[in-house]
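Shown next, in structure tokens, is the structure this report addresses.
The values are calculated or read from the model by the stated rules, or taken from the named source; none is laboratory data. The shown structure was predicted, so the numbers you read here are calculated from the model rather than taken from an experiment. Cβ coordinates were reconstructed from backbone atoms using ideal geometry, including for glycine residues, and neighbour counts include every protein chain displayed.
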Ligand SMILES: Cc1cc2nc3c(=O)[nH]c(=O)nc-3n(C[C@H](O)[C@H](O)[C@H](O)COP(=O)(O)OP(=O)(O)OC[C@H]3O[C@@H](n4cnc5c(N)ncnc54)[C@H](O)[C@@H]3O)c2cc1C
């Protein structure tokens, strides 16, 4: 009897079934052969990334849920978290040799650069105005029936379900969710339809505490259990029902910021992550290691910043406003190298993404895409004023301060 044709799908940090064009291709290929079967590999993305404990916890949850869903269709999911796809395939080679390997690419709104490369702008407003087309629509999960197999050649240990901790964590966490795809889709529905979240988003998004002030999509996007195109399409559906209110338009704008940084990284290459950033400015900082080490222990010397850092270390999540305060203080008050802060965030954040993290840090360090910083100083946040504006009761500090609060 002829051996079954095996088609492999490499997920590379994209841990979902929804909106996976490569999965559709893999299914179509497997169906061309009688008895064709699908094998799914979960590998690390090609570009080296720092994945800290919070993001790894989420990844394990997403992986366990995906494993169970694929197992129900008889399709094995083999996890090679430390391997690139090439290394995983080499390990697999003595046992299975797939006829074709498809790669799931990162979830973006656009398949290719959405503005002309020769006019790629340095600032977001021009990027948004220059967009040449609408985002692509998402694809629903394909029918996987009949694509399983006996898989007797695979060692049992490879087929064992991955172990994942429950959502759990610190009860104060602003992200108390599990990282899996069903939870991601439920959160999307909740924020857009099951609550006032989206309607009030423009006013609430600068909040510092709790699950509802912002959408909390980023940790799911970070491990690929949610598709950004799915979010966009749900926003369009919401707008068809309720009109393009300020909350939904503001959310679209934030998703375009994400897009801007992803394509900027691709466009600028190494300069994007370099100390001088896309502006290629000579760094002005004080490379004081001791000060930096104290900062990594949430001992920055400023109580508002220490509370933010304590939240980051404990849960991996930090509000956007909190991240801005911390980065501004790091650059302007501590005068430490922004690249050190960015690297630390990449390890600590539950939603860490190199392009989004560097893009934001470089912006605040005055070497990135902040138009105010071109030829001038970085933006500086006045913390006393900020706290009056965004947390007048100091509820964040009360929640996260390590020292007793009156
Ligand atoms: C110093 C610093 C570092 C950051 N590092 C990361 C990172 O590693 N990974 C990451 O996903 N985001 C990063 N951000 C952006 C932003 O803080 C988070 O995306 C946001 O706080 C996530 O929470 P949310 O999903 O509730 O956001 P919402 O306010 O609900 O926004 C919805 C979505 O829009 C996108 N978005 C919102 N703000 C930004 C932004 N400033 N830049 C890019 N996309 C944005 C995200 O995908 C987010 O999930 C960083 C911001 C700063 C200031």
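Among the candidates 222, 207, which residue alone is closer than 21 Å to residue 54 by Cβ, within 10 Å of the ligand (Cβ to nearest atom) and more than 15 Å from the chain's Cα centre (by Cα)?
207
So residue 284 fits all but one of (1) closer than 24 Å to residue 114 by Cα; (2) more than 16 Å from the ligand (Cβ to nearest atom); (3) not in a helix (DSSP H, G or I); what number is the exception?
Tallying (1) closer than 24 Å to residue 114 by Cα; (2) more than 16 Å from the ligand (Cβ to nearest atom); (3) not in a helix (DSSP H, G or I), residue 284 fails exactly one: (1).
Name the one entry in 15, 63, 39, 58 that is within 26 Å of the chain's Cα centre (by Cα) and part of a strand (DSSP E or B).
The unique qualifying residue is 39.
From 244, 215, grab the single residue that is more than 30 Å from residue 22 (Cβ to Cβ) and either in the same structural domain as residue 317 (by TED's automatic domain parsing) or not in a helix (DSSP H, G or I) (or both).
Just a single option satisfies the conditions, and that option is 244.
Would you tally the residues in the range 331-348 being over 19 Å from residue 272 (Cβ atoms) and touching a helix residue (DSSP H, G or I) at 6+ places or on another chain (Cβ under 7 Å)?
Going through the range 331-348 one residue at a time, the tally reaches 3.
Quickly run through the range 225-235 and pick out the residues that are within 11 Å of the ligand (Cβ to nearest atom) and part of a loop (DSSP other than H, G, I, E, B).
226 - this is the single residue of the range 225-235 that is within 11 Å of the ligand (Cβ to nearest atom) and part of a loop (DSSP other than H, G, I, E, B).
The rows are residues; the columns are (1) without any contact (Cβ under 8 Å) to a residue 12 or more places away in the chain; (2) within 14 Å of residue 209 (Cα to Cα); (3) in contact with a helix residue (DSSP H, G or I) (Cβ under 8 Å, 6 or more places away or on another chain).
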| residue | (1), (2), (3) |
| --- | --- |
| 281 | no, no, no |
| 286 | no, no, no |
| 291 | no, no, no |
| 295 | no, no, yes |
| 302 | no, no, yes |
| 313 | no, no, yes |
| 320 | no, yes, no |
| 327 | no, no, yes |
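I'd like to verify a number: residues in the range 375-388 that are in contact (Cβ under 8 Å) with a residue 40 or more places away in the chain and farther than 17 Å from residue 274 by Cβ, how many?
6
Suppose the filter is on the phi < 0 side of the Ramachandran plot and touching a residue at least 60 places away in the same chain (Cβ under 8 Å); does residue 182 pass it?
yes
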